[in-house]
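A short write-up of the structure that comes next.
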Amino acid sequence: MRSIRPYRTVLILALAVMAVLTDCAPRRPLIKPDLCMEDPLAAETLDEKTSKGGVRDFQIAWRRLQQGDVAGSEEGFRKLAKVPEWRTPARLGLAYAHFVRGDRPAAMAVFRDVLGSNPTNISALVGMAQAMEAEGRVESAYELYTKIVAIAPSHACAQLRVDITRFQAADSYVRKGVDDAAGGRIGEAIGQYEKALTLVPDRGSIYLALGDLYLRQNDYPHAISNLQQAVDRSPQEAPVKARLAEALYLNGNLEQARDMYRELGEGEPSNSDYAVRLRLVEDAIKWKKVPTEFKEIPAARYLTREMFAALIVLKIPEAVKDQSRPSDIAIDIGGWSRDYILQMTRANLMDIYPGHLFAPRDPVKRGEAAIICSRVIAALAEQFPDMRSSRHIFQVNDLGPGHVYYEAVQTCLLYGLFKLDERQQFNPAHTLSGEDGVRLADSLAHLIGR
């Protein structure tokens with residue numbers, strides 16, 4: 001009977017060789033879990049004659065590299081690179097060894113050289129992308145990984161690195177945008193943020209930052225567009241909505257801004273800032289609708305009765321809140337000032353003269369203005385008790401107690417609406433200018449914190 005020992009020896013050797021060959025298949029890197037090492041042989045088509053001479057030598061060198069024996073792998077690749085048919089895969093293997101050893105410039109030089117003659121060499125592309133990523137050039141690495149996936153859609157490692165470097169590249173663009181904005185380079189900052197959005201189009205914080213930058217440039221349409229995107233992605237974030245409301249207000253979208261501030265105020269009743277901004281927007285809406293004649297008041301030489309009526313109604317609407325008092329009918333009112341005059345007479349703040357005349361174009365004199373202002377103060381004091389002031393008697397040399405203007409003038413002096421001249425006289429018959437009327441209306445509004 002023949003001995004089976006020789007066959008057993010051959011079988012053991014065969015199994016050992018198969019194990020070595022199987023282990024040498026460079027598909028899962030042993031150096032570092034997240035390191036992509038693409039077998040350069042995968043990109044080569046070797047004929048049978050060439051393969052016999054170098055496959056095993058290459059696999060041994062590659063195996064050493066995977067196991068961390070960088071020096072041993074470099075020695076093997078250098079020897080193999082002397083064979084013309086093996087020059088490219090051996091150089092790529094050597095480049096990977098350089099990369100693992102930390103000599104990225106040397107590795108990148110080889111990868112770049114190979115790509116110069118073969119731009120789609122997967123092994124060189126993967127190596128170059130890894131080196132760029134290691135150097136912090138994540139934007140370029142992302143572009144290369146994207147190219148690799150386009151060429152080889154099933155490349156699992158490249159697919160993984162695409163997702164990772166996409167976010168890293170976006171963060172890099174954002175950091176550059178922050179630095180540019182801090183340095184006053186607003187245009188460059190906007191460009192960086194827009195690059196980031198091409199990678200992470202759903203990141204609301206980038207839209208918010210872009211909106212703020214466009215606001216700084218007074219580019220309100222673009223600010224609104226980006227801030228709306230931020231709100232859509234964070235509908236519960238009140239500060240984001242507040243920025244959008246501000247942009248809408250600055251762009252003249254007053255009704256939209258008003259509605260947004262109302263919504264914000266209802267959501268946070270304790271936030272007084274929303275109430276203040278809402279009032280500003282409502283005032284802007286009101287002023288937007290005022291007639292041209294009203295806008296010409298500050299430049300008017302004389303303040304007329306219709307001008308003063310419009311100033312009080314528009315600047316201090318609280319003063320005409322009570323419209324319940326009966327008043328005479330005026331037959332000489334019409335045009336742009338009619339509604340303002342009606343509100344002032346119904347609130348008993350201005351008088352109608354005998355004959356049902358209001359005389360809308362008559363100049364307002366200081367004495368009449370004092371009476372009107374004192375009535376406005378009384379109407380406001382009913383709604384705002386805190387504005388009441390202690391009584392003080394001023395010495396007015398041209399108006400004594402019992403004069404028709406005396407009490408009204410004392411009230412106006414107490415609240416700082418008028419001043420006496422150097423002789424301590426009030427001069428009730430002097431006329432006022434349009435600018436004087438604006439100042440009086442603003443001073444009255446200031447009494448209630450407006």
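Where a number appears in this text, it was derived from the coordinates with a stated rule and is not lab data. Just so it is clear, the structure is predicted and the values come from calculations on it, not from any experiment.
At a threshold of 8 angstrom on Cα-Cα distance, excluding pairs fewer than six apart, so keeping six or more, what relative contact order does region 202-288 reach in percent?
Across region 202-288, relative contact order equals 21 percent.
List, largest first, the extents of the alpha carbons of region 333-397 along their principal axes, each in whole Å.
Largest first, region 333-397 extends 41, 33, 20 Å along its Cα principal axes.
If you look at just the Cα atoms of region 118-258, how large are its Rg and its Dmax in Å?
18.6, 62
Quick one, which of (i) 1.33; (ii) 0.97; (iii) 1.88 is the actual Cα Rg over 2.2 N^0.38 Å calculated for this model?
(iii)
Output needed: percent of Cα pairs per 10 Å distance bin for region 292-446, bins running from 0 to the one holding the longest distance.
11, 41, 37, 11, 0
Which whole-number percent is the relative contact order of the chain (Cα, under 8 Å, 6+ apart)?
Relative contact order of the chain: 8 percent.
Contact order normalised by length for region 194-352, with contacts defined as Cα pairs under 8 Å and 6 or more residues apart; what percent is it?
12
Among Lys176/Lys241; Lys288/Lys315; Lys365/Lys419; Lys147/Lys195, which pairs are too far apart, with a Cα-Cα distance over 20 Å?
Beyond 20 Å: Lys176/Lys241.
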